[in-house]
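These notes are about the structure you will find just below.
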Amino acid sequence: MADHPAYPVGLRLDGRRVVVVGGGQVAQRRLPALIAAGADIVLISPSATPSVEAMAASAEIRWEKRPYQDGDLADTWYALIASTDTEANNAASAEAERTRTWCVRSDDAEAATAWTPATGRSEGVTVAVLTGRDPRRSAAVRDAVVEGLRDGTLTAPHHRTRTPGVALVGGGPGDPDLITVRGRRLLAEADVVIADRLGPRDLLDELPPHVEVIDAAKIPYGRYMAQEAINNALIDHAKQGKAVVRLKGGDPFVFGRGMEEAIALEAEGIAYTVVPGISSSISVPGAAGIPVTHRGVAHEFTVVSGHVAPDDDRSLVDWPSLAKLQGTLVILMGVDKIGAIAQTLITHGKSADTPVALVQEGTTAAQRRVDATLATVAETAKSQDVRPPAVIVIGPVVNVGPAHTEPHPHA
C-alpha cells in the first residue's frame, strides 16, 4: 500500500463531527482550518495550549478535558490524532480503523488512513500539496504556487463571466516589492492600466503584452481638467467591458484624489474596488531610518500637503496650530514651498533648531536623505538640489536613529 499515491479529496465538513485528540501545538495549527470549514469539533485532551483554550472559550470548539476513551470516535467523519500519549494514539487509530473514520496521525504517518496536505489559499482557490513522506517539499511547493497566484506571476484566468469594473490600487512608495499582493494580482488580471508618474513603474514591465498601459499625465484633456479627463478615461474603458486598474503611488486616498475617481465611477453606476497602499508618509521616513513615532519622543504624527504655500488663500492647513504640536510633522509635495513652510512654523513658535530631514525618492535605488533644521532647510534643500518626489519630516524623531543616505536595501 505504501507504494500507491494518496488519493486527493476535499472534505466538506460543515456541521459534521470531527474529533481532535490532543490539545498541543499540532492541534493549535490544524484547528483554525477545521473551524473555517464549519466542522462540529470536539477536542479530547486533559490540557491544551493557551491558543486552543481560547478557541474553546469562544465556543469555536467543544473541549472535553480528559484522556481519550474507546468510543470517542462514534459518529465521527474525520479524526485528527495528535496527543503525546502513544498508547492513546494507537487506541484511537484502531477505533478509527474499525469505524471507517478517516484518521490523521501526527506521530506516525504510516499508521494513518489520511494525510494532511500542505494547504494555502488565494482569492477563493485552495492549493493542497502532497509529496508523500516529504512535508517540507510539500510546503515549499504550496508556498510557490500560492505566492505566484497572489502576486500575479502565476496566471490562472477565470473561465466564468468576469464583471468589468475599476480597481483603485495604491502602489506604495516606489519600491515595486511594496505593493500589496492584492494590488499586484489585480494588475496581472487587468485589461487596461492607467498609471501615475509616482506609481511603481517597474511593475508595468511585468504586464502581459495585451495589457494597455496609459500614462495618466499624457491623457489629452482639452476643455476638461486633467482629473476630469482621467475620470472619463476610467469610465470609458470600464463601459467597454474591460477590467481597469488605476495605479497610484502611495495610497489612493492619501492626497491621491482616489475619492474623486470613486465618486465619478459611482455616478455612472460602475463597480469599483479600493486597494489600499502603503503611504509614503510613513514608509519613506521608515526606509530612511526615521520612525514617525517613538516612545518618549513623539506620541503623534501629522501628515500635511505642502503643495499650497501657508500664505495662499487656498490653503486649508492650520499652520499656527501645527507649530504648537510636540509630535512629528510629515509634509508631502512640499519641496518647493519648504522655505515658506519653515518660516511660518518658526513665526508661530516652533524652534528654529527643530530637526528636519528631506528624503528624496524614498524606497527606490535613488533614495537619499538630506538633514537640516527649520532655520537652514530652505538653503540646504536648494544647495543640495533636493527634488520631488521627497518626503519632509520635521521633529525630534529625525535624530532618534542613525542617519542613512544609502539607497533602500530592497530597491
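The values are calculated or read from the model by the stated rules, or taken from the named source; none is laboratory data. The shown structure was predicted, so the numbers you read here are calculated from the model rather than taken from an experiment. No Cβ is skipped: glycine too gets one built from the backbone with ideal geometry, and neighbour counts run over all protein chains shown. Note: accessible area is taken over every heavy atom of the protein model, side chains too, but ligands, DNA and RNA are not part of it. Shrake-Rupley method; radii C 1.70, N 1.55, O 1.52, S 1.80 Å.
Selection of the stretch 306-315 for residues being within 31 Å of the chain's Cα centre (by Cα) and either open to solvent by less than 20 Å² (accessible area, probe 1.4 Å) or modelled with pLDDT of 95 or more (or both) yields only G306.
Quick grid of which residues meet (1) at pLDDT 95 or above; (2) under 24 Å from W115 (Cβ atoms):
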| residue | (1), (2) |
| --- | --- |
| A2 | no, yes |
| Y7 | no, yes |
| V20 | yes, yes |
| G24 | no, yes |
| D40 | yes, yes |
| K65 | yes, no |
| G71 | yes, no |
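Against the definition (modelled with pLDDT of 75 or more, open to solvent by less than 80 Å² (accessible area, probe 1.4 Å), under 25 Å from the mean Cα position of the chain (by Cα) and farther than 19 Å from V193 by Cα), how does V141 come out, yes or no? So V141 passes the test. Applying a threshold of 7 Å to beta carbon distances and a minimum spacing of six or more residues, or different chains, the list of pairs starting in the stretch 291-307 at a residue that is over 12 Å from L332 (Cβ atoms) and ending at one that is of a type outside the set (F, W, Y) and part of a strand (DSSP E or B) reads V292/T328; V292/V330; T293/T328; A298/T328; F301/T328; F301/V330. Of the listed requirements (1) free of Cβ contacts under 8 Å to residues at least 12 places away in the same chain; (2) on the phi > 0 side of the Ramachandran plot; (3) under 21 Å from the mean Cα position of the chain (by Cα), G250 misses just one: (1).
Residues that are within 23 Å of G172 (Cβ to Cβ) and surrounded by 17 or more Cβ atoms within 10 Å (Cβ to Cβ) within the stretch 267-277 comprise Y272, V274, V275, P276, G277, listed in sequence order. Tell me, which residue of the stretch 109-125 that is open to solvent by 60 Å² or more (accessible area, probe 1.4 Å) and modelled with pLDDT of 80 or more is nearest to A33 (Cα to Cα)? Out of the qualifying residues, it is W115. Scan the stretch 398-409 and give yes if some residue there is of a type in the set (S, T, Y), modelled with pLDDT of 90 or more, surrounded by fewer than 17 Cβ atoms within 10 Å (Cβ to Cβ) and on the phi < 0 side of the Ramachandran plot, otherwise no. No, there is no match, as no residue in the stretch 398-409 is of a type in the set (S, T, Y), modelled with pLDDT of 90 or more, surrounded by fewer than 17 Cβ atoms within 10 Å (Cβ to Cβ) and on the phi < 0 side of the Ramachandran plot. Residues in the stretch 316-344 that are open to solvent by 20 Å² or more (accessible area, probe 1.4 Å) and either among the small types (G, A, S) or part of a loop (DSSP other than H, G, I, E, B) (or both): L316, V317, D318, S321, L325, Q326, M333, G339, A340. Listed by position, the strands (runs of 3 or more DSSP E) enclosed by the stretch 4-101 that each have at least 3 residues that are open to solvent by less than 50 Å² (accessible area, probe 1.4 Å) and touching a residue at least 40 places away in the same chain (Cβ under 8 Å) are 17-21, 78-81.
With respect to A264, is the statement that it is at pLDDT 95 or above and either of a type in the set (A, V, I, L, M, F, W, C) or within 24 Å of G172 (Cβ to Cβ) (or both) true? Yes; evaluated as a whole, the condition is true for this residue. When residues in the stretch 335-361 are screened for being under 16 Å from K324 (Cβ atoms) and touching a Ser or Thr at 6+ places or on another chain (Cβ under 8 Å), 3 of them pass.
Within the stretch 163-177, the set of residues being assigned to a strand (DSSP E or B) and open to solvent by less than 10 Å² (accessible area, probe 1.4 Å) comprises V166, A167, L168, V169, G170, G172. Where strands (runs of 3 or more DSSP E) fall entirely within the stretch 178-249, those with at least 1 residues that are exposed (fewer than 14 other Cβ atoms within 10 Å of the Cβ) are at 212-215. The lone criterion from (1) under 18 Å from the mean Cα position of the chain (by Cα); (2) modelled with pLDDT of 95 or more left unmet by Y272 is number (1).
Restricting to the stretch 345-372, and then to whatever is open to solvent by less than 30 Å² (accessible area, probe 1.4 Å) and of a type in the set (V, I, T), can you tell me which residue is nearest to the chain's Cα centre (by Cα)? Residue satisfying both the conditions and the ranking: T363.
Screening S280 against (1) more than 26 Å from Q227 (Cα to Cα); (2) among the hydroxyl-bearing types (S, T, Y); (3) crowded, with 17+ Cβ neighbours inside 10 Å leaves a single unmet condition, (1). Taking the numbered list (1) buried (at least 17 other Cβ atoms within 10 Å of the Cβ); (2) of a type outside the set (D, E); (3) touching a Pro at 6+ places or on another chain (Cβ under 6 Å) in turn, V297 passes all entries but (1).
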